[in-house]
Amino acid sequence: MSKTYFIRTFGCQMNEHDSERMAGLLEVQGYRPASAVEKADVVILNTCAIRENADNRLYGNLGWLKPAKEDRPDMKIVVGGCLAEKDRDLIVEKAPWVDVVFGTRNIEALPQLLRQVEAQGIPVVEFHETLEMFPSALPARRGSKFHAWIAVQYGCNNSCTFCIVPSVRGVEVSRPIEHILEEVSDVAADGVVEVTLLGQNVNSYGRDIYRTPKFAELLRAMDEVSGLRRVRYTSPHPKDFREPVARAMAETSVVCEHLHLPVQSGSSRVLKSMKRSYNRDRYLAKVSMARDLIPGLAITTDIIVGFPGETEEDFLETLSLVEEVGYDSSYMFQYSPRPGTEAAVMDDQVPKDVVQERFERLTAVQEQISHRKNQDSIGSEVEVLVEGPSKKDPGKVTGRTRTNKLVHFAGPAEPGEFRQVRIKQAAPHHLEA
Ligand code: SAH
Ligand code: SF4
Ligand code: F3S
């Protein structure tokens, strides 16, 4: 009987895509997916380190796996991902029942590390400081038949003072454009109709290998891929988001009318302390530029509340920016100090109750705006890509518009199908058609 694996993924889309590569590697070795964690021969926790609660989730899961490992000592417990990079040896110190700890830059080593622990019987901890092999060169077991994650760039060269990503993922490395196109063409030939291009700062894509950024060219090339209907990407950094990319979005038919442009704060003073390299006015100018060029553009963002030194005035500037831009939706986070980052040792850490209170005010404002925006779309006809049965109402199916809005409507319709629907009702986070 073949051995089985179970992967639990904690992080962002890149992390999720890394899990698809880990699964692909194991399947080539003859492993099959397990029906439940407790039954798996290999359990992989692919971790995230972006905020403190991500740390807690790993150690919570490990505590929970301990009795399972005592019951079945042959079970192998593997920890990978960004928190593995951050904590490294600490993981086996805290949880000696872990068998393998490895990093984000040596994913290809997984099968060999499993063999090594089998042979030695003691935990193996291994990391690489540089990316020698693109995970995209590895086999993948993709989670969806109609959508694919495509990594275009690994690592990050920025130094946002709140962020742990550069220290756990390393420097920016871009994949050659031909390799990306080949991968996109291959998945499209297999029936994938939508791809999401992934990188921490996609606008600087290509700078390390071509000396100048080539993200606009990459987007334009997507229009030539046969069978492909939708292209999304995440995340652009506002400082590098410029007209050529907005024009490419406007002038290609496959690239969706959705821009996720993480602002982090509406206060120029806070943005400076975050080392984001843009201020409020420059950000707003980029939003206007994008809206002028791309008809029907939806804009979403990431916002951090309670960055060290954030005053009530700074926070009010965030609120007013959110109103001014009128985001379709926002991912809002409470600031979480990350060890080793500049912001973690800044004076004036904002008290938890203040952060909580601001967070609630921001959420309420964004909720209203999202609702209003969604109401504005009532009566319009939109194209949705069907994802599957609705989680709320099994009689319905759920799909997404090109602007990335969730739409529930009466089926039947199969995942991966496109449908034209008319919007009838609007809630803050979804539409009914
Ligand atoms: N590379 C992306 C961001 C990746 S992290 C970009 O620059 O746009 C995703 C989001 O997590 C960030 O945009 C930020 O809003 C949030 N985040 C990162 N570090 C954080 C921290 N220490 N505390 C709270 N939120 C954080
Ligand atoms: Fe982090 Fe900034 Fe890099 Fe994004 S751009 S991953 S927020 S350092
Ligand atoms: Fe992603 Fe979390 Fe790492 S957000 S890059 S998995 S720290």
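The values are calculated or read from the model by the stated rules, or taken from the named source; none is laboratory data. Predicted model only: the values in this text are computed from it and were never measured. Reconstructed Cβ throughout: ideal geometry from the backbone, glycine too, with neighbour counts over all protein chains shown. Ligands, DNA and RNA are stripped out before the accessible areas are found, and what is left, the full protein with its side chains, is counted by its heavy atoms. Shrake-Rupley method; radii C 1.70, N 1.55, O 1.52, S 1.80 Å.
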Which value results when the Cα radius of gyration for segment 286-414 is divided by 2.2 N^0.38 Å?
1.33
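Kindly provide the helix-only [θ] at 222 nm of the chain, computed as the sum of -39,500 (n - 2.57) over DSSP H runs of four or more divided by all residues, to the nearest 500 deg cm²/dmol? The partial results should precede the final answer.
Working: 14 runs with 157 residues, N = 433.
So the calculated ellipticity at 222 nm is -11000 deg cm²/dmol.
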From zero up to wherever the largest Cα-Cα distance of the chain sits, split into 20 Å bins and tell me the percent of pairs in each.
24, 57, 19, 0
Relative contact order, percent, segment 4-126 [alpha-carbon distance under 8 Å, six or more residues apart]
24 percent
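Multiplying the sequence separation of Glu243 and Glu16 by 0.36 nm and subtracting their Cα-Cα distance, what value in nm do you get?
Values: separation 227, 0.36 × 227 = 81.72 nm, distance 3.03 nm.
Net length gain for the segment: 78.7 nm.
Averaging sequence separations of C-alpha pairs under 8 Å and six or more residues apart, then dividing by the length of the chain, give the relative contact order as a whole percent.
10 percent
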With Cα springs under 10 Å, the Gaussian network model of the chain assigns the largest mean-square fluctuation among Met14, Met289, Met274 to Met289
Could you do me a favour and compute the accessible area per residue for the chain, 1.4 Å probe, result in Å²?
44 Å²
In whole angstrom, note down how far apart the Cα centers of segment 119-156 and segment 364-384 are.
37 Å
Accessible surface of the chain [probe 1.4 Å, protein heavy atoms]: carbon and sulfur percent
51 percent
Please arrange Ser330, Ser277, Ser320 by accessible surface area, largest first, computed with a 1.4 Å probe and ligands excluded.
Ser277, Ser320, Ser330
In terms of the alpha carbon gyration tensor, root eigenvalues a ≥ b ≥ c, rounded if a/c is under 1.5 and otherwise prolate when a/b exceeds b/c or oblate, segment 189-246 is prolate
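Is the C-alpha gyration tensor of segment 80-168 telling us rounded, prolate or oblate? Criteria: a/c under 1.5 is rounded; beyond that, a/b larger than b/c is prolate, otherwise oblate.
Numbers: a/c = 2.07, a/b = 1.22, b/c = 1.69.
The shape class here is oblate.
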Ordering 1-13, 346-358, 35-47 by per-residue average of other C-beta atoms within 10 angstrom, highest first, gives 35-47, 1-13, 346-358
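Once you order the gyration tensor axes a ≥ b ≥ c over the Cα atoms, which shape class does segment 4-126 get: rounded for a/c under 1.5, otherwise prolate or oblate by comparing a/b with b/c?
On the way: a/c = 1.30, a/b = 1.10, b/c = 1.17.
Rounded is the answer for segment 4-126, as its axis ratio a/c remains below 1.5.
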Compute all pairwise cysteine Cβ distances in the chain, then list the cysteines with no distance under 4.7 Å to another cysteine.
Cys12, Cys48, Cys82, Cys156, Cys256
For segment 209-282, what is the Kirkwood hydrodynamic radius in Å, using each pair of distinct C-alpha atoms?
13.8 Å
Sequence-distant lysines (8 or more away, or on other chains) whose Cα lies within less than 23 Å of Lys69
Lys3, Lys39, Lys94
What aspartates and glutamates could a cross-link reach from Lys145, if we take a straight Cα to Cα line under 16 Å and drop same-chain neighbours fewer than 8 places away?
Glu16, Glu20, Glu183, Asp186, Asp190, Glu194, Glu387, Glu414, Glu417
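Suppose a student asked you for the relative contact order of segment 381-432, using Cα pairs under 8 Å spaced at least 6 residues apart; what percent would you report? Show your work: numbers first, answer last.
Details: 107 pairs, mean separation 20.1, N = 52.
Across segment 381-432, relative contact order equals 39 percent.
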Centre separation in Å (Cα based) which lies between segment 320-346 and segment 173-202:
29 Å
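Taking every pair of Cα atoms in segment 381-432, average 1/r, invert it to obtain the Kirkwood radius, and report Rg/Rh to two decimals. It would help to have the intermediate numbers written out before the result.
Numbers: Rg = 9.6 Å, Rh = 10.5 Å.
Dividing the radius of gyration by the Kirkwood radius yields 0.91.
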